Structure formats: C-alpha cells, structure tokens
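The values are calculated or read from the model by the stated rules, or taken from the named source; none is laboratory data. Note that the coordinates shown come from a computational prediction; the quantities given were computed from them, not determined experimentally. Neighbour counts are summed over all protein chains in view; Cβ atoms, including those assigned to glycine, are modelled from backbone coordinates with ideal geometry.
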Amino acid sequence: MSNGKMTKLAFRMILVLLAVSVFVSSLSVFVLAADDVEAIAETTEAVGTEATSESEDSGAKKNNAVVVGGSDKNQTESVDVEALKNLYIEGFERKGEYADYFLENIKYDKKLPEIVIDPASYTSTTAGVELLGEFEGKKNVLKVNKNGEFVYTVNVPETGMYNVELTYYALADRITRDLEFAILIDGKAPFSSSESLTLKRNWGDESDIPSYDPVGNELLPTQVLTPKWMTTDFYEPNGNYNEPLMYLLKAGEHQITLKSVSGTLVLAQIRVHNDGDLVSYDDYKSKLDAKGAKDSTKFLELEAEDYTDKTDSIIQKAYDRSDPKVTPYSVSKTALNTIGGTNWNTSLGRINYTINVEESGYYELSFRYRQSFMRGTTIYRRLYVDNVVPFAEADTIEFEYGNGYQYTVAGREKEDGTYEPYKIYLEKGKHTISLEAVIGKMAKASRDVEQAVYKLNFIYRKIIMITGTAPDTYRDYELFENVANLQAMLLQISDTLKEIKAEVDEVSTNAGGESEILNTLALQVDSFIEKPYTIPSRLSTFKDNISSLGTWMINIRDIPLQLDKIVFAGADAKVPNYKSNFFEKTLHEVRAFVSSFIDDYTAIGGTSAKDERVITAWVGTGRDQAIALKTLVDNYFTPQTGIKVNVSLVPLAVLSKAIVAGRGPEVALHVSRTEPLNLGFRNALVNLKQFDDYDEVIKRFTDYATVPYTLETTDVNGNKVNKAFALPETQNFTMMFYRTDVFDELDIKVPNTWDEFDQILPVIQENNMTVGIESGISTNTFFTFMMQNGGEVYAADGSGTMFEEQYAVDAFTKWTDYYTLYDFPLSYSWYTRFRSGEMPLVFEAYSHITYLAESAPELSGLWSVAPIPGTIDSTGKLNRTEGSSGLSGCSIVVNKKIDEKTRKQKEADSWEFLKWWTSSDIMAEYGNRIEMAIGPVARYTTANLEAFELLNWTSDEAAAIKKQREWVKEIPELVGGYYVSRSIINAFRNVTNNYTNPREMLFYYNDQINAEIWRKRMEYDLSVPEEANN
Amino acid sequence: MAKVSSREVELLKKSRLTFGEKAHLTWRRMKENKINYLLILPFLIFFVLFTILPVGASMVLSFTRYDILNSPEFVGWDNYLRMFLEDEVFIISLKNTFQFAIITGPVSYLLCFVFAWFINDLPPIARATFTVVFYAPTLANIYFIWQYIFSGDMYGLLNSFLLQFGLINEPVQWLTNTAYMLDIVIFVQLWCSLGTGFLAFVAGLQNLDPSLAEAGAIDGIKNRFQELIYIILPQMGGSLMFGAVMQISSAFSVGGISAALVGNPSVDYAAHTLVLHISDFGHTRFELGYASAISVVLFVIMLAIKGVINKLLKPFSHD
C-alpha cells in the first residue's frame, strides 16, 4: 500500500513538475529581456569555443599563419594574420577626429616656449569684433560678438603640440548655454571638433540666503550668470580626454583663426603654450619640504553645498534624507545639504569654493561623498588650488563606489600597501579650491570603445548588405569572400576589444560584470573568424551585443558624484567620525517613518488662504515640472500681479470628473491635444476668444498651432460658432534623420521631394537596409500626403472629411504603397537601427535630436536632420507641408458652482496667468529649468517662437528645426474626431494585412467616420451637410 | 427578549399573510436580532454605497443621454434600441465576449481545479511555493511581456524565431492583424487566468475530511479519479460554486489584457469586448448614458450565467 502510494505520489510530482516547469520557464524566459537571454546563450556558446580559438591563436603565433575553414569547399588557405591586422581599411577608421590627430602627432609632445598673443593684434577680421579700452579691470581687450571671426599671425619658434588658452569674460546673454567657439589653423580645422569647441560660463546662486516654502522646505536657489574673467585651455567637447586639446604647429609663421559661433565674450589674452608634464606628488612634496613647509595643526570643514560659483547651472544643491550624518540634517523637510549627484555627471563640470586658511602648512584633504550611482565604477575629480593643479596625481582624485555615504582621504596606495594621504600646502589667507569632473583613468578605454562601437556597427552593416537582416541560416554566404576585408576587420576589432578589456581591468579594481560585454564580444568575434559560416545565424546576437557595448560606453562616461563635506585637516587635527553607525541609522529610519505620517510630501510649495485672489493650476506631467512652475510663479507672477497660484500635481485623466464635481482647477496645464476641444464644446472650458487680446497673444505661436483648439463652424440655425479653448505650450513635429556616412557610402543625396525619396529607396533597399517613415502607425503621414497634394484634410467647417476627393485617395494609396509595395517595416525600434546604420533614414520627432546626441556619442558628426520631403505642385513650387499632431496646451476651466462675479474674476485672473505662462521669457526659463533638472534629453519643445530661440539648441540645430517648422500644419480637431484616426488605421491595416483595394477601404471607412461626426454634431446642435439627413 | 403580543401569536398561526402582516413580522424579527444587524452594518453601508447605488444609478442613467459635463436628459429606450439595431460594434463585442467567456471560462475553471488538485498532496512549503508560482501571472499583471513576444517588429521574439527557421518571410503583425488578434488575446487570457478560483480550490482541498477518503478506500475506491469523483467533488460544493462564479463572471468582464496587447479600440474591433465597448463610450466618446445601457446588458448576462452555473453545479452542492 505504502509502496503504491509512493508511486502515485511520484507520478503526481512529475505531472506537477512538468506543469510548473512550463510555467516557470515561461515566466523566467519572458521576464528576462530577450537580449539577456540571448546574451547568456551567446556567452555559453562563445565560452565553449574559447579553448579551441586560443589553441588556434597560439598556433598562429608559431608559424604566423592560421588555417581558415573554407566553409563548403573544404579548401584551406593560408592567411598572413599579422598583415591582416595591420591592413588599412577604407572607412573602417573614423578619420578627421581628434583621436587620430592626437595619435599621429603625439611624438611632438614636449615642453615648449609659450607664445602670448595680445587680442588686439589681429591681422584681419569680420564685423562683430570690437576693441574696448577697458573692461572689468583689464585694458585693451577685444569684444567678440556672435559670429565674430578674427585672425592672428603667429611666429612659432619650435615645432610641437601646443595648447591654446584663453582668458575671457563671457557676457551675460539671453542665451545661457555654453559658448560655442572654433579654432582654425591656417584656415583649416585640423580635426572636426575644433569647429565645435565649448567655453564654459560661470554660474552662481542669485542669493546666499536660503529661502523656504511655507511648509519649511528649502527651495532651490535661482541660478544666475555671474560672469568673471576665466582662464582655460580648450578641451575635447565629448569629455574623452583629461588633457586639453593640442594643436600641431610647425616652426614658422601660422595663421590662427578664432571664431565665436554663438554668444558674446570679451578676450583679454590668448596664450599658445605647452607647459610639459605636471610635477609628480613626490617632487611637489620634496620641493616644499626643502622650503621648510610644516604640517598645519588646524582643521577646516566645508559644507560642499556652500560653493562660490560653478561652470554649469545644472550642477545644483540637492537634499538627501537618506543618511543621519548629512548636514544640515532634516528628517522630513527638504534641506539642501549636499551638492551634485546625478546632475554633476559630465566632464568639465566644475565647482569652486573659497576657503580662508588660518595657518600656513600641509593639509590633508578629505571628502564625505556618495557614489552609489554607477555600480562598481570609480569616479574621478580633478583638484585645483587657486586654478592650478598642484601635482599630477591631483588630476585624478578617486571616489570609489559604495552604498550610502563614504568618507575618503585623498591619497595613494604605496608600494608597500600602506595608504599615504596627499599633503597639500596652503599659505595662510584666502584660496580657491575647485573640483572638476573628469573621466580620469577611464579616458583611454572610453575613447577606444567609442571607436570600437563605430567599427562593430560598420562590420555589422557590411555583413547585412550581403545577408540581409533576416539571413537564411542554411546558406553559406561566403562572407570572407563577399565582404571586402571582413577577416581583417574582425581580427583587428577582436584585438581592440581585448586591449580595452585589459585596460579596464587594470584601471578599475572592481569593474566586474559591466565590462564583461567586452569579453563576450571578443569571444564572439573570434569564433566568427574561425567559423565564418556561422555568422548569419548569430547576427542578431551580434547586434544585441553591440548595443550592450554601446550602453556600457555611455555608462562609463556618466560620472556622477554627490558631495556632503570637504575637510582640510592638519596633522594633529581631530577629525570627527563621519561614518554613521547602525544605531544612528536605525534611529534615523524610525524618525523618517514616523514623520511620513505627519508631513505632506505631495504639496508643491505652499497653498494659500481662501479669501485672497488665488487660482489653482493642475499640472499633469511630473514633479520636476510642477516645482519649476511653482518657483516661476512665486518669483515672477505673484509679485507682478498679486494673484496667487496653487500648483497641484494631478493626473489630468480625472479632469472631466473633477469638473463635474465642481472641484476642478481654474487652470489645467500640459493638457493633451484632443482634450480642449472635447471638453470645450461640452461647455466645460472657457472660450478664450472672449478675451480682447486673444488675437495678440496667439502671435507668439505659429499660425497653425492654435488650429486644434479652435472650433469654427455653424450651428443648426446657421449661426457662427467661433471659439478657442486652449493656448499651445509645446509643439513637437517630425523631421528626417539621416546617416551622413551611409549616404556617402551609397553615394545618395538627401531627398528634397518624395520623387527623390523614391529614387534613393532602391539603393538603400538593395543593400539590405531599410527606411522608417513612422515608428508607430498614425494618420499624420496620410494627412501630410493629402496636404502636399494641395488639399485640406477636413471640410472648412469641420462637418466632415475630404477623404472622397481624388487627392485623398492618391495620398492614401501612396501611404499604403510604401508598406505593400516597398515593404517598409510596420514596427521597429528606430534608435537601435539608426545607430547600427541598417536604417540610415528615419522620420522622427525633432525632440529626439538631443536624445540621439546624448545616447549615441559614437555617431557624433555622422548624422544630421533635414526637413521631410515635399511634393512639387503644378506650378513647380515645392510644397513641404507636414501634417502634425504634437501639441500640448493649457486651458481655463469653467466652474459652474460659484457665482457669476467671482467666476468672471477667476477667469480674468486665469487668463492673466495663461498669458504670463505662455510668454516667451517664462517659457524659455521654464524650459531651461526643466533641462537643468532632467538633462538635455528633456529639452523643452516650446510652441512659443521666441522662447525657442532662447533654449540650448546649437545654431545649426535651431536652423534646421526652424526650416521644418515653417511647413508644419497642425491637423484640426473635430467634434467626433476620435473616429477619424481609428477608422483610418483600420483601413490602413486592412490594406497592409490583406492587400485589399486602398480606394475601397478608404471609402468604406470614410462613410463610418462621417456618420459618427454627423451624429455627434447633431447631438450638440451643430450644422451637418444635407446628405447627413438622408 | 421582547414580549410576543397576542396579535403576533395569531399571525404566526395563519398560513397566508398580507404584505402588511409580513412586514410587521419581519420588523419584529429584525428587532429581536438587532445585534446581528449591527454586526453586518459596516459592510452593508459600504455595499450599498459602492455597489447597490452605482448599479441602480447606471440603470437609471441607461435611459438618458449623459455626457458627464452636462446634466442627463431622459431618452427612454433609445440607448437600447440603438445598441441592438444600429451599433454593429456592439454586436461584434458581444460575439467576442461570448467567445472569450466560452473558451476561457470553463477551460480556466478546469485548469484551476486540476492544478489545485495536483499540488494538494505536496508538502506545505512546496505547495505554498507552487501556489505563488501559479498565481503570479494573475497577481503581477505581467502579460505585458507578451507584447514583446508578439511584437510586429522583425526582431520581436516570435517573429525573429520564425524568421530564423524560415517559417515566414516577413514579420507577421500579430497584434494588428485581425486574423490573429482574438486568438492571441484568448491565449494570454488563459495564461494568466489562474485567479481567485484557484486559491479557493487550494483552500477547499485542504479542508476535506480525510476519514471520508479512508472510508472510500476501504469501500473499494480503485484509483484517484474515482476518489476525485465520488469523494472529493461532493465535498467541495461551496468552493466549486465560488470558483465557478469568479472564473466565469471574470471571463465576461475581460478587456484589460486585450486593451494592453492590441489597444482599445483594436483594429476593426477584432478583439473588442463589452467592457472595452463600455470604456470606449464612457471615456473616449463621453456617452455615459449609452455606456450605462451596455453595462446593464452585461450585468443581466452575468446574472443569467450565474443562474445556469447554479443549475449545473447543483449535484455537487449540499446547501
């Protein structure tokens, strides 16, 4: 019996296990991102081949030749591996970069005599340069306006690599981004980034006195430009070099051209120099010892948030409630007690401190900091004392990774394993101490990996040009024969990857997992070399690995650091214990938990009493946005108008319900595009056209930006209805992103018309690459074609569609043809494909420009944006109209629950607020604040034309965007308009899935659309066409 | 205890009572058991406030034209007429809902029971673990991963797999092609349908009387299936009923997964269900009156189905 029971139990266990394993595996497989799964598979696969490839390698070393498996023919052929490794391959190396220039000329690097140039001694100039007698304490200086260009003739005594140092004063401007600058030597930029150099400005807090909201939370101080004379060398803008840029100047006469691309500055001195290597710490110390320097006895503690000034407005004070020993401490309120964090994460961000030293002598420098942001990575900062780096080691002060706050003394590990703190000599008196973000010891790895990502993508692109992106795995493409130099490229990249890995391992003691991708890729490449016939079947993992490497590359450039304290301690000074122990932490957590019941963390700023002139504004996006708005209101709006504004963070989905309940706000911000009209014609929003200055206000936007918010039609009795329910805030639209390198390679031009577009399509597709005209199917492309064909999308009074017109049928057919005849992908991730180059032409929202620049640094200079193609009309004119729907806006809500008089007053106040809010200065400042809080990726897509000019777009980017914007027409919204997009997409899917007749489909769904629109219009007593009544 | 009046004694003797007389007796009994009524009061208040009232309100609203922002306007049976005579999409969604319910309801009900039965004999820790594993998909709403699996991109999981094996030549638009949508949504619905019913079964199986199983073994039960039919099921009337109501009524109110995977509205309404139709009218079109009418219909359907389940499970139920 018991035996039988056991068998039964076992049987049932097996059943359960079976079922469970199905479940568990489905769970785990799908929860893990597929790349990971594939990456794991790849690693195991690659590890399997490791042994063989290594033995192969050693064999190669012996006789300098390796046998390459000739896949199907079994033919063997000897290849000179060393020769392949040194082969120069056209297009494989990026040329014209500083990296190249630097490596070519590094042999000239040595200490050189300096050349000081008086700015006034220029030999030729364009307009925009002006001599000033005296300026801010310096005489004979040169004021350079935007686009000011001027040339110096310099006699160079000795051939060598020179740094160029400027002493400049950046004038406060409405445009607040870094200055763009260019240097040309003998009329040419020696490397590409020499034309896009940056000069930092100087930022500070508006006031040293902290301000608080009514609840007691400290508010972030307003950032202001605090211009001063600054002296600096130029650095590579991508932050990949710790050292300043060097220019090769041969002995003899040279023309040096300087050009200010954006912004205005005053130049006091130009110094061309090479001061040689910095002294080592040992020399620094022994030199000072010889002078009789002694240890100090004093102790100086500096709160890191009490800085003097800094180079970026984005580096800001931050509050940290996570640690009991952060000072000033507050368990539940916002106390700005640290500086930096994730916003002090890009190269050359620098913070300056002023300290008063009471006693001359050596000080040990230590920091209380947090670096829990980048796992397993050491972050570096460069230390300046009075604007000079005191010794070589101060170039890279290390901040190791760890949980929570750490305390470290700047120093080095000696050979015997003991730790030696650096002793920094400070004279009695005032000093400036500066910390600057540098990539530090990862610089070389970062540069090399950027090259490697570029090269790997190049290889990938070359392979898919032969195999396509979905290769036939059972076919041997004989890739080594069909792709020129593939074997050489793979050999070279494999070496590079291994070198980088070795470098990284040497620099970081605990790099661990993150850099493992280098090994994975190297092993994969090695096995590609060995078994080229397996490449097609492993192409997609190869691609995934490349994109993981790209992610890793961006990670190592991210160098955040949050500082709490900086401490200068003499030899015998008593340093307090900066580490919090278990009991302190527990007590802190308990107090934090208790106060979470008492404090309201959701209120943005304070709220005001009922009897005042006060309106409520709802913000539907995020906390950063709400805080920025509240600060602006408190700083400008309330002082100017006396109207107080309560800002609340509320998801706007509840807006209509709140309005019914009479608990709605006066003003709703960031409202989605369709909402204003939907609520408006149901009388829930105030008609903005009732205000006299409406027409004046909308001049701030493009002519078409207010179209979706406007209801211009007639009612059943033939009376005119003319209302508007919102003002635009943001406006985003599509532009054409293209890869310049791929276009050059394929020898094609950027299309200006759809005909040209159709002509380059076969070239792109022949090479197994694709084009993406919309990453999510929406009606915009269809409407664009319609309008480019010269028609309108809807009837002028909004009472129906125009889809029965011939131009609409043509447009719809053209749109669907791209998918049925040209086989465009219906769904894709534009970013990865654009990056790898397999989709060298994509149509994307212009807001993605910053995203691409930030997240694909290896592509810098290899892509560009252009307006979308147009259509040439019968008169020969190019019509580039773009149908767009990228708006958000702000509205005033009707409150029926209050009496007429109060309501009128509130509405007038709200209108004041909307006018203020959409004004150019406020929009620009808001945009800049958001960018400071979140980063360039969040650059504000303001609809205000003037505010756009004040955002951080470079001159080129701004020009391209404006060119497109001229042609952007917002699609009107209709009563019942929700039926348009769903039906058009149904029609589209029907055609592309089932290859049905486009005209029939369009007409079929058009009837449904019109029926719905008419039904809705009748419901709200609006006029309908005659046919609707039948 | 309150004193029984002579009139009440007389009433209790009568075989037929008028409404007034009945009410009097009921009131009398309520007074006697007021402690019990007090105890259920908290629940009752919330139940009335948040269930009875809204149901009543939507029945009333279903006879009006109501756009949330303006006051409702009485339109009689218009909404119902339009629903059955004009609204093609309603018929599609009704069809889809039934298709959903008929497949996912019974199948997931059976699955729930079978899985619960499987893991019943395991030691407690293993049982708890498996319960979590089975229940997790329902709990965590992780059906979003299916969006990735069925992505229309050629690098979507299923597409790249099929492409690699040469089974298809170009990516299939799983989630926007009407030919596949409904099947996929039903499949995913099944995958995460081991819900409350499953938990009820797990609990129910734990509460069986082991002596009955032993008695059955002595009386000649030959295998576990006989045991299941003759011993286990008859004991589980309550849980079976509860599970059936939960599983099948939830099968009628599907929509979330469909909206998440194929969007609302889906292409050509191919995976449109009644719940989605309600949300389409309620949220997108601001036609709350009509939406209420649909929900009343859905309510009636569910009531009817519950009656049917009751009938079907009668043999297993003792109370």
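Of the residues A:G798, A:G791, which single one is in contact (Cβ under 8 Å) with a residue 60 or more places away in the chain, over 18 Å from the mean Cα position of the chain (by Cα) and not in a helix (DSSP H, G or I)?
Residue meeting the stated conditions: A:G798.
I'd like to check something: does the stretch B:169-182 contain any residue that is more than 12 Å from chain A (Cβ to nearest Cβ) and not hydroxyl-bearing (S, T, Y)?
Yes, the conditions are met somewhere in the stretch B:169-182.
Name the strands (runs of 3 or more DSSP E) wholly within the stretch A:135-243 that hold at least 3 residues that are charged (D, E, K, R)?
A:138-144
What is the one condition in (1) within 14 Å of another protein chain (Cβ to nearest Cβ); (2) buried (at least 22 other Cβ atoms within 10 Å of the Cβ); (3) not in a loop (DSSP other than H, G, I, E, B) that A:Y460 does not satisfy?
In the conditions (1) within 14 Å of another protein chain (Cβ to nearest Cβ); (2) buried (at least 22 other Cβ atoms within 10 Å of the Cβ); (3) not in a loop (DSSP other than H, G, I, E, B), A:Y460 misses (2) alone.
In the stretch A:635-677, what residues are in a strand (DSSP E or B), β-branched (V, I, T) and in contact (Cβ under 8 Å) with a residue 60 or more places away in the chain?
Answer for the stretch A:635-677, where residues must be in a strand (DSSP E or B), β-branched (V, I, T) and in contact (Cβ under 8 Å) with a residue 60 or more places away in the chain: A:V645, A:V667, A:V671.
Are there any pairs with C-beta distances below 6 angstrom linking a residue in the stretch A:681-694 that is within 14 Å of another protein chain (Cβ to nearest Cβ) to a residue that is acidic (D, E) and in a helix (DSSP H, G or I), with the two at least 6 apart or on different chains, and if so which?
Within 6 Å, the pairs are A:V686/A:E907.
I'd like to check something: does the stretch A:473-488 contain any residue that is crowded, with 20+ Cβ neighbours inside 10 Å, within 31 Å of the chain's Cα centre (by Cα) and modelled with pLDDT of 85 or more?
no
Taking only pairs six or more apart or across chains, which ones have beta-carbon atoms under 8 Å, a first residue in the stretch A:813-830 that is away from chain B (no Cβ under 11 Å), and a second residue that is surrounded by fewer than 18 Cβ atoms within 10 Å (Cβ to Cβ) and not hydrophobic (A, V, I, L, M, F, W, C)?
The qualifying pairs are A:T813/A:R999; A:T820/A:Y995; A:Y822/A:Q765.
State all residues of the stretch A:378-397 that are touching an Asp or Glu at 6+ places or on another chain (Cβ under 8 Å) and polar (S, T, N, Q); if no residue qualifies, say none.
If the condition is that a residue be touching an Asp or Glu at 6+ places or on another chain (Cβ under 8 Å) and polar (S, T, N, Q), then A:T378 is the only one that fits.
Hand me the list of helices (runs of 4 or more DSSP H) wholly inside the stretch B:1-100 holding 3 or more residues that are within 29 Å of B:S249 (Cβ to Cβ).
B:34-47, B:53-61, B:78-85
For the stretch A:677-692: of the residues being aliphatic (A, V, I, L, M) and under 19 Å from A:V660 (Cβ atoms), which is surrounded by the most Cβ atoms within 10 Å (Cβ to Cβ)?
Only one residue tops the list, namely A:L685.
In the stretch B:91-108, how many are more than 30 Å from B:A128 (Cβ to Cβ), crowded, with 22+ Cβ neighbours inside 10 Å and either of a type in the set (S, T, N, Q) or within 14 Å of chain A (Cβ to nearest Cβ) (or both)?
Selection size over the stretch B:91-108: 3.
Would it be correct to say that B:A259 is touching a Leu at 6+ places or on another chain (Cβ under 9 Å), free of Cβ contacts under 8 Å to residues at least 24 places away in the same chain and more than 20 Å from A:K1016 (Cα to Cα)?
yes
Pick out, from the stretch A:850-942, the strands (runs of 3 or more DSSP E) lying fully within it that include 3 or more residues that are surrounded by 20 or more Cβ atoms within 10 Å (Cβ to Cβ).
Hits in the stretch A:850-942: A:882-884, A:887-892.
State the number of residues belonging to the stretch B:109-128 that are within 7 Å of chain A (Cβ to nearest Cβ) and surrounded by fewer than 17 Cβ atoms within 10 Å (Cβ to Cβ).
1
Show me the helices (runs of 4 or more DSSP H) found entirely inside the stretch B:139-216 where at least 2 residues are in contact with a Cys (Cβ under 8 Å, 6 or more places away or on another chain) and under 21 Å from B:F118 (Cβ atoms).
Correct list: B:196-206.
How many residues does the stretch B:228-270 contain that are assigned to a loop (DSSP other than H, G, I, E, B) and touching a Gly at 6+ places or on another chain (Cβ under 9 Å)?
2
Run A:R412 past the list (1) assigned to a loop (DSSP other than H, G, I, E, B); (2) within 24 Å of A:K579 (Cα to Cα); (3) in contact with a strand residue (DSSP E or B) (Cβ under 9 Å, 6 or more places away or on another chain); (4) not β-branched (V, I, T) and report the number of the one that doesn't hold.
Against the list (1) assigned to a loop (DSSP other than H, G, I, E, B); (2) within 24 Å of A:K579 (Cα to Cα); (3) in contact with a strand residue (DSSP E or B) (Cβ under 9 Å, 6 or more places away or on another chain); (4) not β-branched (V, I, T), A:R412 comes up short only on (1).
Would you check if there is a residue in the stretch B:264-285 being away from chain A (no Cβ under 14 Å), over 30 Å from A:M1018 (Cβ atoms) and of a type in the set (S, T, N, Q)?
Within the stretch B:264-285 (the criterion being away from chain A (no Cβ under 14 Å), over 30 Å from A:M1018 (Cβ atoms) and of a type in the set (S, T, N, Q)), the answer is no, since none of the residues qualifies.
Tally up the residues in the stretch B:129-168 that are more than 8 Å from chain A (Cβ to nearest Cβ), over 22 Å from the mean Cα position of the chain (by Cα) and polar (S, T, N, Q), please.
So the answer is 3.
Among the residues of the stretch A:159-205, write down those that are of a type in the set (D, E, K, R) and farther than 22 Å from A:Y122 by Cα.
Hits for the stretch A:159-205 are A:D173, A:R174, A:R177, A:D178, A:K200, A:R201, A:D205.
In the stretch A:513-562, which residue that is under 22 Å from A:E481 (Cα atoms) and of a type in the set (K, R) is farthest from the chain's Cα centre (by Cα)?
A:K531
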